[in-house]
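> Submitted below is the structure of interest, expressed as structure tokens.
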Amino acid sequence: MKKNSMSIAIALLLTAFLASIMFAVSASAGEKPLRGSFQAVETADGAFPTAFVDGSGSGNATHLGQFVFSYEAEVNLNTGFGKVSAHYVAANGDSLFAEGSGQLTPTETPNIATIMEEYEIKDGMGRFAGATGSFTVKRVLNHETGDTSGTIDGKIAMP
């Protein structure tokens with residue numbers, strides 16, 4: 001009887017372990033890489049210490065294809081930290097909405113800064129309706145011209 005109880009307990013533990021592995025695999029199985037590059041132009045206005053930034057551009061990324069996008073940010077000029085929201089639209093009109101934050105860091109080159117932004121996908125339309133995920137934007141900004149370009153790297157899960 002003791003041997004039977006021990007076998008049942010081991011079988012239950014093994015079943016629970018395998019179920020947790022299968023759940024983890026199925027949760028990440030829906031995630032796909034979101035990688036690409038873009039070019040944009042932005043403008044900023046406001047009164048020190050806050051800048052309000054509007055930008056738009058285009059690029060190409062996995063699972064989006066050719067896209068256009070726009071973004072808005074509110075940046076604290078004392079710290080370089082800002083909150084940002086973005087809207088990415090694929091060539092067929094399907095779109096993603098994302099929110100996040102970013103950090104601007106001046107470089108040694110006059111008028112040039114690097115920006116690192118972390119986004120969370122909030123929703124979408126078309127094939128991206130209900131999408132989730134996160135991505136990082138790394139870009140270089142020329143303050144004088146407003147030109148910026150960079151890369152997107154992250155994951156997207158579509159229902």
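The values are calculated or read from the model by the stated rules, or taken from the named source; none is laboratory data. These numbers were taken from a predicted model, which means no experiment stands behind them. Cβ: placed from backbone, ideal geometry, glycine included. Neighbour counts: every protein chain shown.
> Quick check on this structure: which one of Ala61, Ala40 is at pLDDT 95 or above, in contact with a Ser or Thr (Cβ under 7 Å, 6 or more places away or on another chain), aliphatic (A, V, I, L, M) and closer than 14 Å to Gly150 by Cα?
Ala40
> Here's a check for you: in segment 90-100, which residue that is among the aliphatic types (A, V, I, L, M) and buried (at least 20 other Cβ atoms within 10 Å of the Cβ) is farthest from Asn60 (Cα to Cα)?
It comes out as Ala98.
> Which condition number does Glu144 fail, the rest of (1) under 18 Å from the mean Cα position of the chain (by Cα); (2) within 28 Å of Leu77 (Cβ to Cβ) being met?
Unmet condition: (1).
> Give the residue, chosen from Lys155, Lys83, that is surrounded by fewer than 15 Cβ atoms within 10 Å (Cβ to Cβ) and either aromatic (Phe, Trp, Tyr) or part of a strand (DSSP E or B) (or both).
Details: Lys155 fails: surrounded by fewer than 15 Cβ atoms within 10 Å (Cβ to Cβ).
Testing whether each residue is surrounded by fewer than 15 Cβ atoms within 10 Å (Cβ to Cβ) and either aromatic (Phe, Trp, Tyr) or part of a strand (DSSP E or B) (or both) leaves just Lys83.
> I'm told Asn60 meets every condition in (1) touching a residue at least 40 places away in the same chain (Cβ under 8 Å); (2) in a strand (DSSP E or B) except one. Can you identify the failing condition by its number?
(1)
> Condition (residue is assigned to a helix (DSSP H, G or I), touching a strand residue (DSSP E or B) at 6+ places or on another chain (Cβ under 7 Å) and crowded, with 19+ Cβ neighbours inside 10 Å) applied to segment 119-135: is it met by at least one residue?
Scanning segment 119-135, I find at least one residue that is assigned to a helix (DSSP H, G or I), touching a strand residue (DSSP E or B) at 6+ places or on another chain (Cβ under 7 Å) and crowded, with 19+ Cβ neighbours inside 10 Å, so the answer is yes.
> Would you call Ala24 at pLDDT below 95, among the hydrophobic types (A, V, I, L, M, F, W, C), closer than 22 Å to Thr132 by Cβ and assigned to a helix (DSSP H, G or I)?
Criteria met by Ala24.
> Are there any pairs, at least 6 apart or on different chains, whose C-beta atoms fall under 6 Å, with the first in segment 89-103 and under 13 Å from Asp123 (Cβ atoms) and the second among the polar types (S, T, N, Q), and if so, which?
Short answer, once both residue conditions are applied: Glu99/Ser85.
> With Gly93, Gly36 as the choices, which residue is in a strand (DSSP E or B) and either over 20 Å from Arg139 (Cβ atoms) or not hydrophobic (A, V, I, L, M, F, W, C) (or both)? Quick ask: steps written out before the conclusion?
Numbers: Gly93 fails: in a strand (DSSP E or B).
Criteria check complete, one pass: Gly36.
> Still on this structure, please answer the following. Could you tell me whether Leu141 is in a strand (DSSP E or B), closer than 20 Å to Ala51 by Cβ and touching a residue at least 60 places away in the same chain (Cβ under 8 Å)?
The answer is yes for Leu141.
> Going by what's in this entry, would Thr105 be described as assigned to a loop (DSSP other than H, G, I, E, B) and surrounded by fewer than 14 Cβ atoms within 10 Å (Cβ to Cβ)?
Answer is no for this residue.
> I'd like to know if segment 53-76 contains one or more residues that are out of contact with any strand residue (DSSP E or B) (no Cβ under 6 Å at 6 or more places or on another chain) and of a type in the set (S, T, N, Q).
Within segment 53-76, one or more residues are out of contact with any strand residue (DSSP E or B) (no Cβ under 6 Å at 6 or more places or on another chain) and of a type in the set (S, T, N, Q).
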